[in-house]
Amino acid sequence: MGRVSPLPPPGPLRTLALATLANTVGTGLWLAGGALYLTRDVGLSPTSVGAGLTVAGLVGLTASVPLGGLADRWDPRTLRAALQVGQAFAAAAYLLVDSLAMFLVVAVPEALLSTGNLAVRAALVAAVGGPAGRVHAFATLRAVANLGITAGTALAGIALAVDTHRAYQVLVVGNVATYLLSAALLLRVPRQRAGGAARRVSDAARRGGPLRDGRFLAVSGASAVLGTHLTVLTLVVPLWTVGRAGAPPPVVSAVLLINTLLTVLLAVRLSRGADTAAPAARKLRRAGLVLAAATPLYAATAGLPVLPAVGLLLVATAVWTVGDLWQGAAGAGLAYDLAPPHAIGAYQGADGLLAGLAQALGRGLLTLLVLGGGAAGWLVLGALFAAVGLAAPALARRAVASRPAPTGEPAAAGQPVAPV
């Protein structure tokens, strides 16, 4: 495979990576072509599509903790495969959409399945990787996902170029097929046995679990705030690039390509050392400071001629991507290490819930801050990221100090039972 390949050596993680690759090719297809299918082929207005996706996304967040908790009690591999099949049916139902009401009928269940599946995926990654390898596995799958989304986006370009009813239908069917292929590959991963403690859910978990664990939520919230770098890169930076920096639209593709390439090359390397809370919190602090350092670079592009502005945009994005990768690895390490062994899935669900809320709120707030505030808006955003990053180690220390002393060792995580 070569050293630059994001695919791991043969084994359960390799199979999981191939399932992720298949799944994210479909993600790329739908990200690139879904909105155009709904507007140009179905005939919905852009405003209706945006409002419908927002409503569905917010409703979908409610599935994160319950399905994550379910993964603590059931084999997360089988549960994730079942959810992938459910998502395939939901994706196919978009062929029946002919009105806003029908769009919501399809989009809301699809969002519930999708958001819940993210929590189940996190539990499965923890089971396959084990305590010592789950952050590495997370980073590996992130690199693979970037490849898949890029490939799917490129394939969607064919349907968009043809721009016919049949081409859009093929795009939808292609998305359905990737879900089914991913589910089939997941069933080749060995079954994952829940830890012994998973069957003896504590009284505290019954009383509210992660949503009542304030110190965990504080750490997760800090990570979620820094995680809005995704919204900045995919929404704010493209609008800034064309509107304020004066660069031609193709530069947006170059900016996103830099992020993709660096993610594939560096995600695993930059994830090292984030397996436990203390070093992960220090990496999260570093992420906040690096993201903050990139904001004045973006701000400075507004006053430059086009060619220097484009060069600085690419440099800023390279710096931004390093912070992005440190944040992703550190956030995963903290969410895993601060979760009780019997509630890995539920805690990943809570972490995903906060991340989803931050992304939903960030789309409007960050656009208003940066595009409305100009260079000053970038500097305010940088100050926010720096402050949150600097607070991360103290928040993590408080969360670690509040953990109860272990009373017994649960069954080892990540130990497979009989392979299928």
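The values are calculated or read from the model by the stated rules, or taken from the named source; none is laboratory data. All figures in this text were calculated on a predicted structure; none of them were measured in a lab. Ideal geometry is used to build each Cβ from the backbone, glycine not excepted, and the neighbour counts take in all protein chains shown. What goes into the accessible areas is simple: the full protein's heavy atoms, side chains included, and nothing from ligands, DNA or RNA. Shrake-Rupley method; radii C 1.70, N 1.55, O 1.52, S 1.80 Å.
Picking from Arg397, Arg403, which residue would you name as being of a type in the set (D, E, K, R) and part of a helix (DSSP H, G or I)?
After ruling out the rest, the residue left standing is Arg397.
Got a number for residues in region 43-67 being surrounded by 20 or more Cβ atoms within 10 Å (Cβ to Cβ) and either out of contact with any helix residue (DSSP H, G or I) (no Cβ under 6 Å at 6 or more places or on another chain) or farther than 23 Å from Thr178 by Cβ (or both)?
Counting residues in region 43-67 that are surrounded by 20 or more Cβ atoms within 10 Å (Cβ to Cβ) and either out of contact with any helix residue (DSSP H, G or I) (no Cβ under 6 Å at 6 or more places or on another chain) or farther than 23 Å from Thr178 by Cβ (or both) gives 3.
Residue check: is Thr317 open to solvent by less than 10 Å² (accessible area, probe 1.4 Å) and of a type in the set (Val, Ile, Thr)?
In short, yes.
Please work out which one of (1) farther than 19 Å from Leu160 by Cβ; (2) β-branched (Val, Ile, Thr); (3) in contact with a Leu (Cβ under 9 Å, 6 or more places away or on another chain) is the condition Thr54 fails and give its number.
(3)
Any idea which of Arg272, Arg282 is part of a helix (DSSP H, G or I) and charged (D, E, K, R)?
Unique residue meeting the criteria: Arg282.
For region 304-323, give me each residue that is in contact (Cβ under 8 Å) with a residue 40 or more places away in the chain and either closer than 19 Å to Leu381 by Cα or in a helix (DSSP H, G or I) (or both).
Val306, Ala309, Val310, Leu313, Leu314, Thr317, Ala318, Trp320, Thr321, Val322, Gly323
Of Arg73, Arg80, which residue is of a type in the set (Lys, Arg) and open to solvent by 40 Å² or more (accessible area, probe 1.4 Å)?
Arg73
Determine the pairs where a residue that is over 21 Å from Ser253 (Cβ atoms) and in contact (Cβ under 8 Å) with a residue 12 or more places away in the chain, located within region 150-170, has a partner that is open to solvent by less than 60 Å² (accessible area, probe 1.4 Å) and part of a helix (DSSP H, G or I) with Cβ atoms under 6 Å apart, the partner being 6 or more residues away or on another chain.
Note: pairs meeting the criteria are His165/Asp41; Tyr168/Tyr37; Tyr168/Asp41.
Residue check, Val106 against (1) surrounded by fewer than 24 Cβ atoms within 10 Å (Cβ to Cβ); (2) in contact (Cβ under 8 Å) with a residue 40 or more places away in the chain; (3) β-branched (Val, Ile, Thr), all met but one. Which one?
Against the list (1) surrounded by fewer than 24 Cβ atoms within 10 Å (Cβ to Cβ); (2) in contact (Cβ under 8 Å) with a residue 40 or more places away in the chain; (3) β-branched (Val, Ile, Thr), Val106 comes up short only on (2).
What number of residues within region 278-291 are of a type in the set (A, V, I, L, M) and either at pLDDT below 95 or surrounded by 24 or more Cβ atoms within 10 Å (Cβ to Cβ) (or both)?
Adding up the residues that qualify gives 5.
Given the structure, is Asp41 closer than 30 Å to Leu270 by Cβ and over 20 Å from the mean Cα position of the chain (by Cα)?
Spelling it out, it is not the case that Asp41 is closer than 30 Å to Leu270 by Cβ and over 20 Å from the mean Cα position of the chain (by Cα).
Show the residue pairs that are 6+ apart or on different chains and have beta-carbon atoms under 6 Å apart, the first residue being within region 116-139 and under 14 Å from Gln84 (Cα atoms), the second being hydrophobic (A, V, I, L, M, F, W, C).
Gly116/Ala63; Gly116/Leu67; Asn117/Leu83; Ala119/Leu67; Val120/Leu67; Val120/Ala71; Val120/Leu79
In region 124-146, which residue that is within 14 Å of the chain's Cα centre (by Cα) and open to solvent by 10 Å² or more (accessible area, probe 1.4 Å) is farthest from Arg191 (Cα to Cα)?
Restricting to residues being within 14 Å of the chain's Cα centre (by Cα) and open to solvent by 10 Å² or more (accessible area, probe 1.4 Å), the top hit is Asn146.
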